[in-house]
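Working notes, beginning with the structure itself.
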Amino acid sequence: MVWAEKLVDTVVGIGMVWAEKLVGTVVGIGMVWAEKLGGTVVGIGMVWAEKLVGTVVGIGMVWAEKLVGTVVGIGMVWAEKLVGTVVGIGMVWAEKLVGTVVGIGMVWAEKLVGTVVGIGMVWAEKLVGTVVGIGMVWAEKLVSS
C-alpha cells in the first residue's frame, strides 16, 4: 500500500494507492483513491478521485467529481461532470455527460449531450444526443432521434 500526500513516483504492483495528489502512473491490481490524479491508471480495481485527468483502462469503477480523461473497460463511471469517453460494459451515472458512451449498460444523467450506442437504458432529464441500440429511453425532454 502506498499512502502519501504527494506521490510523484510510479507504483507498479498489487495493492492500493491512497494519495492526495498523484501525478505518476499506477499499474497493477488494486485501488487508487486520490484527490487529484493526473497520471494514468491501468489495471483491475477502482479509481476514486476528485479530479481525474488521466486515463483509466481496466476493470473496475471510476468514481469522480470531474472526469476529463477516458474510461475504457468493464465497470461503472459515477461522475458529476464527465467530459471524456466511456467505452465498455457498465453504467454511466452522471450529472452532466458531454462525452460518448459506447457499450452495454445504462446511462443515467441529468443532461446528456453525447451519444449512447449499445444495449441498455438511457434515463435522462435532458437528452440532446443520439440513442442507438436495444433498450429504453426514459427522458423528460428528448431533442434528438
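The values are calculated or read from the model by the stated rules, or taken from the named source; none is laboratory data. Everything quoted here is computed from the prediction, not taken from an experiment. We place every Cβ from the backbone using ideal geometry, glycine too, and count neighbours over all the protein chains shown.
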Search result, residues across the range 6-27 that are at pLDDT 75 or above, in a strand (DSSP E or B), closer than 16 Å to Gly54 by Cβ and not basic (Lys, Arg)
Thr10, Val11, Val12, Val17, Ala19, Glu20, Leu22, Thr25, Val26, Val27
Within the range 81-91, can one find any residue that is farther than 22 Å from Gly43 by Cβ and without any contact (Cβ under 8 Å) to a residue 24 or more places away in the chain?
yes
Of Val17, Val77, Val71, Val101, the only residue that is buried (at least 17 other Cβ atoms within 10 Å of the Cβ), of a type in the set (Val, Ile, Thr) and under 19 Å from Ala139 (Cα atoms) is Val101
For a quick check of your reading: which strands (runs of 3 or more DSSP E) sit entirely within the range 30-139 and have at least 3 residues that are over 15 Å from the mean Cα position of the chain (by Cα)?
120-127, 130-132
Identify all residues within the range 32-57 that are more than 15 Å from Trp18 (Cβ to Cβ) and either surrounded by fewer than 21 Cβ atoms within 10 Å (Cβ to Cβ) or charged (D, E, K, R) (or both); write none if there are none.
Gly38, Thr40, Val42, Ile44, Lys51, Val53, Thr55, Val57
Mind telling me which of the residues Ala19, Ala49, Ala4 ends up being within 15 Å of Leu67 (Cα to Cα), among the small types (Gly, Ala, Ser) and out of contact with any Cys (no Cβ under 9 Å at 6 or more places or on another chain)?
Ala49
So if I check each of Leu82, Leu127, Leu97, Leu37, which one is under 26 Å from Ile14 (Cα atoms) and either among the aliphatic types (A, V, I, L, M) or touching a Cys at 6+ places or on another chain (Cβ under 6 Å) (or both)?
Leu37
